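Chemist: Dropping a structure here in structure tokens format, bear with me for questions.
What follows draws every value from the coordinates through simple rules; no lab data is involved. From a predicted model like this one, the values you see are computed outputs, not experimental measurements.
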Amino acid sequence: MYLEWAPHRDLADVIDQFWNQNEHIPEPMIWYVAEALAECGLAMEQGGLAGREADWDEIVHRDLKPMNVFLDAPDENRYTRYPKPLLGDFGLALKTKPNDPNNPCWYNKGEGTDGFLAPEHSSWIDAQTWAPIEVRRLDSKTNVYGMGLILWCLIMREQNPPQPLWLGDGNNNTALVLPAAPGQRAHHYSKALGDLVESCVRFRPMNRPSFQTILDIIWHSTDESPGAPNLALNMRTGTASAATAAAQEVPPLHDNYELGLARGQVVNR
């Protein structure tokens, strides 16, 4: 496989970096990750961003987590001060169609990483009758859940979230509720960002937003026109002041293995 070179490690390393510095990851960077992942999700769902391709088999990643979002050199057109997020590691991904007879019965065996499994990743049975319950397909809404967990991890600076056990009937369940009390980590971020994350990790797939809706929310939230929320603080278009850009900085992390290394340097590393 020939893949893009991502020289700035991954989101798990960014979480470590800010945790060790006891600082919060800047909100504009989280909006950037959200936009990049939502575009990936829409492309996996329909084959591109413009519309559904004919006979497209929907892709469900099944292992969305910070460690699988790699960081490339900055994009020249948006968020130029931040490394560009790239989604990778499709080793557990599956392709499916609405009439797929194997979905979910072959795909809901709990494959993936604990802490990041959507409810539909696993099969559930009633403790009294042993009858299957909450049997739901894995589809784009499963990817929405994974995206929400990645954003949650960035907000909470947490690489290993607890895996919900999904007790109860799921009527009012939200997977991971963001604490909002003063002093809590999520208090440092906008309500719009917190609401987006919580909507993505709802128990039932039908109650999660679509990727197109997510993109609409992101574009509205980061709109820089007069009176708009502008929650990315002009970092999206690169028009932020020098002071704002410095305050919202995410220092790039460099991989041990860089382009141009001599063979001896590679061996020694």
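Chemist: As a test of the definition: which semi-axes, in Å, follow for the stretch 11-268 when you take the square root of five times each eigenvalue of its alpha carbon gyration tensor? Largest first, please.
Modeler: 31, 22, 20
Chemist: While we're on this one: State whether the stretch 83-135 is rounded, prolate or oblate according to the following rule on the C-alpha gyration tensor (a ≥ b ≥ c being the square roots of its eigenvalues): a/c under 1.5 gives rounded; otherwise a/b larger than b/c gives prolate, and the remaining case gives oblate.
Modeler: Oblate is the answer for the stretch 83-135, as a/c is 1.5 or above yet b/c matches or exceeds a/b.
Chemist: On a 32 Å Cα-Cα criterion, which of the cross-link pairs K141/K191; K97/K191; K95/K191 come out too long?
Modeler: Check vs 32 Å cut-off fails for K97/K191; K95/K191.
Chemist: What relative contact order, as a whole-number percentage, does the chain give when Cα pairs under 8 Å and 6 or more residues apart are counted?
Modeler: It comes to 25 percent, rounded to a whole number.
Chemist: Return the ratio Rg/(2.2 N^0.38 Å) for the stretch 20-88, where Rg is computed over Cα atoms only. Each step should come with its number before you reach the end.
Modeler: Working: Rg = 14.1 Å, N = 69, 2.2 N^0.38 = 11.0 Å.
Expressed relative to 2.2 N^0.38 Å, the Cα Rg reads 1.28.
Chemist: Output the Cα-based Rg and Dmax of the stretch 15-164 in Å, rounding Rg to one decimal and Dmax to a whole number.
Modeler: Every Cα atom of the stretch 15-164 included, Rg and Dmax give 17.0, 58 Å.
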